Amino acid sequence: MQTSADIVMSPPDAIGVAVVPQVAARTRSTQMRATARDYISLAKPRIIVLLLITEIATMFIAARGVPSPGLLIWAALGGALASGGSGAINCWYDRDIDRVMARTCSRPLPSGRILPWQALTFGISLIAASVVIFGLAVNLLAAALALGGGLFYIFIYTMLLKRRTPLNIVIGGAAGAFPPLVGWAAVQGNVAWPAFALFAVVFLWTPPHFWSLALLLRRDYRNASVPMLPGIIGTARTHRRILLYLLALITASLLPGLMLGIGYTIGAAVLGGGYLGLALWARAKASSHAAALLFHYSLAYLAAIFIVGAVTAVAIG
C-alpha cells in the first residue's frame with residue numbers, strides 16, 4: 001500500500017534520475033571541449049596564423065592577383081596542418097624544459113593533461129595529412145617544401161640547435177621561412193627569385209623577433225638552460241645585434257619591390273623605418289616595457305609587409 005510519504009518522495013526521486021544523466025552529459029561535453037582546446041594549443045595556433053599570412057600572401061604575389069579559391073583553401077589547410085604538426089612535435093620534445101618555464105609550465109604536456117605519445121601521434125598525423133593534401137590537391141613541389149619546413153623545424157631547430165647554441169634562432173629561423181616558398185610553388189609550380197626574396201624576409205626577421213622575446217624571458221630561458229642571446233652576451237649587445245639584423249631585414253624587404261613596384265617599396269620602407277625607430281628607442285630605454293612593444297611590433301610588421309605585398313600584387317595585376 002502506497003503511503004502519503006511515498007507519494008511525496010516520488011517526484012524528487014524521478015527528477016534525480018533524470019538530472020544525473022544530464023549532469024554527466026554536460027561534464028563529458030565540457031571535458032571534450034577542454035581536451036580539444038588542449039590539442040589545438042599543441043598546434044600553436046597563433047604561429048599557424050602568422051605563417052599562413054606569409055604563405056597566402058605569397059600566393060597572391062605569385063599569381064599577380066587572386067588565386068583560385070580551391071587552390072587557396074587546400075594550400076591554406078595543408079599549410080596549417082604542416083605548421084600545427086611540427087608545433088605539436090616541438091611541444092612533445094620540449095616538454096621537459098616547458099615544465100620549468102613560467103610561460104609554458106601550464107601547457108597540456110607539462111601539466112599532464114595530454115600524454116607524450118598522444119602529442120607525438122597527433123603531430124605526426126597532422127604532418128602526414130598535410131603532405132597528402134598538398135600532394136593530391138596542390139602539387140608535389142609544395143608538398144615537399146611543406147614537409148621540408150616541418151622537418152627542419154623539428155630536427156634542426158628543436159632537436160639539434162635550440163639547447164646547444166645561441167645561433168639556434170639564426171639558423172633555425174629558416175624553418176619559419178618555408179611558407180613563402182610553399183605559397184609560390186602552389187601557384188607557379190616552381191620556386192623563383194621573388195620567393196627566395198620573401199624567404200629572406202622571414203629568415204632575417206626571425207632573430208630580432210625572438211631576441212626581443214628573449215629580453216623579456218631571460219630568467220625563463222636561463223632556468224631551462226636554453227642559450228638565448230640575452231643570457232649569453234647581455235642586453236646591450238643583444239640590442240646591437242637586433243639593430244644589425246634589422247638593417248639586413250629592411251634591405252631584403254625592398255627586393256620584392258623590383259617585381260611589385262613603387263607602391264610596395266614605399267610600404268615596406270615605412271614599415272621597416274618604424275621597426276628600426278622602435279628598436280633604437282627600445283635600446284635607449286632598455287626596459288621590459290620597451291622590449292614587449294618591440295616584440296609585438298615585430299609580429300605586426302611581418303603580417304603587414306606580406307599583406308602590403310599581396311594588396312599591391314592584386315592592384316597591379
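Structure summary
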quantity	calculated
Computed accessible area, His289, all protein chains, 1.4 angstrom probe, square angstrom	120
With eigenvalues of the C-alpha gyration tensor scaled by 5 and rooted, region 203-256, Å	24, 11, 7
Probe 1.4 Å, accessible area per residue of the chain, Å²	47
Sequence of Met32, Met228, Met259 from largest to smallest accessible area, 1.4 Å probe	Met32, Met259, Met228
Angle in degrees between helix 288-316 and the longest Cα principal axis of the chain, rounded to the nearest 10	70
At 0.890 mPa s and 25 °C, Stokes diffusion of region 186-317 via Kirkwood alpha-carbon radius, µm² per second	157
The chain: most fluctuating residue of Arg283, Arg99, Arg37 per GNM, C-alpha cutoff 10 Å	Arg37
Protein-only accessible surface order, largest first, of Leu254, Leu246, Leu160 at 1.4 Å	Leu160, Leu254, Leu246
C-alpha long axis of helix 193-216 to longest principal axis of the chain, angle in °	60
Over the chain, equivalent-ellipsoid semi-axes from the Cα gyration tensor in Å	43, 27, 19
Helix-only CD estimate at 222 nm, as mean residue ellipticity for the chain, using -39500 (n - 2.57) per DSSP H run (n ≥ 4)	-25500 deg cm²/dmol
Bins of 10 Å, starting at 0 and running to the largest distance - Cα pair percent for region 82-200	14, 38, 32, 14, 2
Compactness of region 130-257 - radius of gyration and Dmax, Cα, Å	16.4, 50
Highest-MSF residue in the chain out of Val270, Val187, Val202 [GNM, Cα springs under 10 Å]	Val270
Principal-axis tilt of helix 116-133 within the chain, Cα atoms, nearest 10 degrees	60
Distance from region 81-114 to region 266-281 (C-alpha centre basis), Å	33
Carbon plus sulfur fraction of accessible area for the chain, probe 1.4 Å, in percent	70
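The values are calculated or read from the model by the stated rules, or taken from the named source; none is laboratory data. Values in this document were obtained by computation on a predicted structure and should not be read as measured data. Only protein heavy atoms, including side chains, enter the accessible area calculation; ligands, DNA and RNA are left aside. Shrake-Rupley method; radii C 1.70, N 1.55, O 1.52, S 1.80 Å.
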